[in-house]
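The values are calculated or read from the model by the stated rules, or taken from the named source; none is laboratory data. Please read these numbers as outputs of a predicted model, since none were measured by experiment. Because the Cβ atoms are built from the backbone with ideal geometry, glycine has one as well, and the counts that use them run over all protein chains shown. For the accessible areas, the whole protein counts, side chains as well, though only heavy atoms, and no ligand, DNA or RNA atoms are used. Shrake-Rupley method; radii C 1.70, N 1.55, O 1.52, S 1.80 Å.
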Amino acid sequence: FMCGGESMSTIYEMHRCGDVTEGAEKDLKAAKELLESWRFKAARAETVVTSLTEAGKLVDVSDVRKRVMSLASTLESLRLEVNSKVDGLQEQVDKLEKVVDDFDASAATGAAMKTVEDAQELVVGFSAVLSDSGDKFTTYMNEHDLDAAMAFRSIDSKALGSEEKLGADLSSDVGRLSSKAAKALKEVERDEKFTYLVEGKETIATLFQVYNSTSPIEGRPELSDAAQWKHWSVTECHQMCLMTPGCVGGNAIGYAGDEAYGMTCNLKGSVTRVEMSLKGTEKALLSGFLFGQYLQLHEKDIKFNTAAVLVG
């Protein structure tokens, strides 16, 4: 039979002629929205991966570097898996768009309608595959989302980035030293900024965050440069630790790209070692903190490695 022709044989076929492109266009719209959503998520993950990788290269504390690189590797594997499904769906979307554009409802044959319906079925199927394969990625990102964790604890991220907050000195918990380590550094008059990273066997949480410097999302402060972003990021990580039961310190590690900045906040339930180094760049965020009360109780059990600072 032919749509609109004298050989039209059934009412079902007449309805089919009218509905075939409408259904295809509806599924196309849904697939494109799905692709846009996943591309945004994948881009966010890519920023975190790039930032962790660049920052990790500057960490000369082997345990910390291994952990940072491992996080980047895990996230990158999940991102690549999702991207492969995104590419597959995009290919089917392109094919369906073409057959819909070529479809002439006024003179289409049954074979032409089946071509559209087959292409439509593939788009629906690939959309389902993308959604299913993305569950693992989504779960991982949600479990490590710093913004979500802060919202759950009613921490005002924007307020932490206000001019008043950024203009004030960060908590003394950042760069907190034992009396012995402080004395050693004072004796050699080291004025350079050193990285300060805490280590311990118990990790409470590892959280990610992305900041877009050109278009910050709602609820985020507008920061003028990487220096402000680093100050704000450490403040957020420190605040998260304060609001997390059992947390005694942590590390904020990240890197400022051209537009998007990515960081990870690693919260510790115990600290046995503090590593210091002079390495770093203006774009790199390598900053740890340790609560004073915990230091007072466990100072004799914490090793402060100042060698890299004293010799460097």
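Summed over segment 244-272, the residues that are aromatic (Phe, Trp, Tyr) and without any contact (Cβ under 8 Å) to a residue 60 or more places away in the chain give a count of 0.
Tell me yes or no: at least one residue of segment 251-260 is of a type in the set (Gly, Ala, Ser), in a strand (DSSP E or B) and over 19 Å from residue 157 (Cα atoms). Scanning segment 251-260 turns up no residue that is of a type in the set (Gly, Ala, Ser), in a strand (DSSP E or B) and over 19 Å from residue 157 (Cα atoms). In the set (1) modelled with pLDDT of 70 or more; (2) not in a loop (DSSP other than H, G, I, E, B), the condition left unmet by residue 186 is number (1).
Taking the criterion of being open to solvent by 40 Å² or more (accessible area, probe 1.4 Å) and either more than 14 Å from residue 23 (Cα to Cα) or at pLDDT 95 or above (or both), the residues of segment 103-120 that qualify are 104, 106, 107, 109, 111.
Cβ-Cβ contacts under 6 Å between residues 6 or more apart (or on different chains), taken from a first residue in segment 99-114 that is at negative phi to a second residue that is open to solvent by 50 Å² or more (accessible area, probe 1.4 Å) and assigned to a helix (DSSP H, G or I), are listed as 99/115. Looking at segment 83-98, is at least one residue over 21 Å from residue 266 (Cα atoms) and at pLDDT below 90? Checked against the condition, which is being over 21 Å from residue 266 (Cα atoms) and at pLDDT below 90, segment 83-98 yields no hits at all. Restricted to segment 49-97, and to residues there that are among the basic types (Lys, Arg) and over 19 Å from residue 252 (Cα atoms), the residue that is surrounded by the fewest Cβ atoms within 10 Å (Cβ to Cβ) is 95. Cβ-Cβ contacts under 6 Å between residues 6 or more apart (or on different chains), taken from a first residue in segment 127-150 that is part of a helix (DSSP H, G or I) to a second residue that is open to solvent by 30 Å² or more (accessible area, probe 1.4 Å), are listed as 127/34; 129/85; 130/85; 133/85.
Screening residue 270 with (1) assigned to a loop (DSSP other than H, G, I, E, B); (2) modelled with pLDDT under 90; (3) farther than 21 Å from residue 47 by Cα gives one miss only, at (2). Exactly one residue among 124, 129, 100 is of a type outside the set (D, E, K, R) and open to solvent by less than 30 Å² (accessible area, probe 1.4 Å), and that residue is 100.
The combined condition, being part of a loop (DSSP other than H, G, I, E, B) and either at pLDDT 90 or above or over 16 Å from the mean Cα position of the chain (by Cα) (or both), is not fulfilled by residue 206. Name the residue that is most open to solvent (accessible area, probe 1.4 Å), counting only residues in segment 25-40 that are basic (Lys, Arg) and in contact with a helix residue (DSSP H, G or I) (Cβ under 7 Å, 6 or more places away or on another chain). Filtering first and then ranking leaves 39.
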